[in-house]
Amino acid sequence: MGTRVRLRSALATDQAARDSNEDTAWASDGVFVVADGMGGHEAGEVASSVAVDVVRSLGGTNPSLDDAVRVVREAHRRVRALRAEGERRPGTTLSGVVLTEHAGVPCWLVVNVGDSRTYRMVGGVLEQLTHDHSEVAELVAQGLVAVEDAPHHPRRHVVTRVLGGGASRVEPDLRMFPVSPGDRMVVCSDGLTDALPDARVQAVLRAERHPQAAADRLVREALAAGAQDNVTVVVVDAVAVTRPSDAPTGPDVGR
């Protein structure tokens with residue numbers, strides 16, 4: 001990569017009120033993703049782990065949008081293959097960002113399937129980059145459910161697109177845009193966003209300078225707010241974006 005990017009990242013997770021943690025996260029090698037598994041017993045945990053294991057192969061490859069689609073579809077195929085005879089087919093969400101390059105410019109490649117979320121904070125303002133693939137999100141889009149009622153709707157956890165599950169094919173949502181110094185990317189499972197409103201997430205991210213402190217505090221606050229689902233958070237900061245002429249020595253991507 002001609003332009004060098006220095007990143008600092010962290011992750012935190014907790015099973016909360018659940019018997020086990022079916023979330024899997026990865027925050028290294030330019031790949032920052034969260035997968036929220038479903039399927040009961042250990043199936044969800046295995047599904048999310050398999051999906052992340054496949055997708056993290058994008059690290060260090062400067063993937064294109066087509067590369068991301070290919071890898072996500074491979075993850076979908078691998079998760080679908082987990083089904084045992086007579087058992088419910090497991091599935092998992094997947095959301096996050098991958099560091100890549102387009103026309104010599106370092107970029108974030110955002111990938112999303114399901115209702116886990118990816119956010120970007122710039123100048124202290126938090127913006128949701130992904131669209132929830134859920135029944136409630138569709139009802140909100142159609143004007144049938146008010147935005148303020150969505151977090152409490154009884155169908156809020158019914159996802160319409162997952163890796164695995166019954167569909168033979170999956171279409172991930174993708175977007176790409178340049179990395180800017182000061183970008184703070186946040187990836188999380190719905191255990192966080194069910195427990196904390198975006199305004200509170202934004203306030204914590206403003207208050208905590210270091211990614212690990214921010215991730216840990218978000219998980220703590222979600223638990224204190226009564227989180228009922230696994231809570232997983234990845235925070236990654238673009239500390240510097242420098243040209244070769246003024247780039248310091250050292251790795252392009254660091255935790």
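Listed values for region 51-59 are Karplus-derived 3J(HN,Hα) couplings in whole Hz (6.51 cos²θ - 1.76 cosθ + 1.60, θ = phi - 60°), namely 4, 5, 4, 6, 5, 5, 5, 6, x, and x replaces Gly and Pro. 3J(HN,Hα) couplings calculated from phi for region 233-242 with the Karplus curve 6.51 cos²θ - 1.76 cosθ + 1.60 (θ = phi - 60°) are, in sequence order, 9, 10, 10, 9, 10, 8, 6, 7, 10, 10 Hz; Gly and Pro show x.
As a test of the definition: which semi-axes, in Å, follow for region 1-118 when you take the square root of five times each eigenvalue of its alpha carbon gyration tensor? Largest first, please. Each step should come with its number before you reach the end.
Values: eigenvalues 157, 54, 17 Å².
The answer is 28, 16, 9 Å, longest axis first.
Tell me whether region 165-206 comes out rounded, prolate or oblate; compute the Cα gyration tensor, take square roots of the eigenvalues as a ≥ b ≥ c, and use a/c under 1.5 as the rounded threshold. Verdict is oblate for region 165-206. Ranked by how many other Cβ atoms sit within 10 Å of their own Cβ, fewest first, the residues PHE32, PHE177 fall in the order PHE177, PHE32. Computed packing ranks the peptides 227-235, 62-70 as 227-235, 62-70, most packed first, by mean other Cβ atoms within 10 Å. Per the Debye formula on identical point scatterers at the alpha carbon atoms of region 75-120, with no solvent, log10 I(q)/I(0) at q = 0.18, 0.20, 0.22, 0.32 Å⁻¹ is -0.69, -0.76, -0.82, -1.09.
Placing R0 at 51 angstrom, the Cβ-Cβ distance between SER20 and ALA103 gives a FRET efficiency of 0.70 after rounding to 0.05.
A short reminder: the numbers here are calculations on the coordinates, not readings from a lab. Nothing here was measured: the structure is a model prediction, and the numbers come from that model. As a convention, Cβ positions derive from the backbone with ideal geometry for all residues, glycine included, and neighbour counts pool all protein chains shown.
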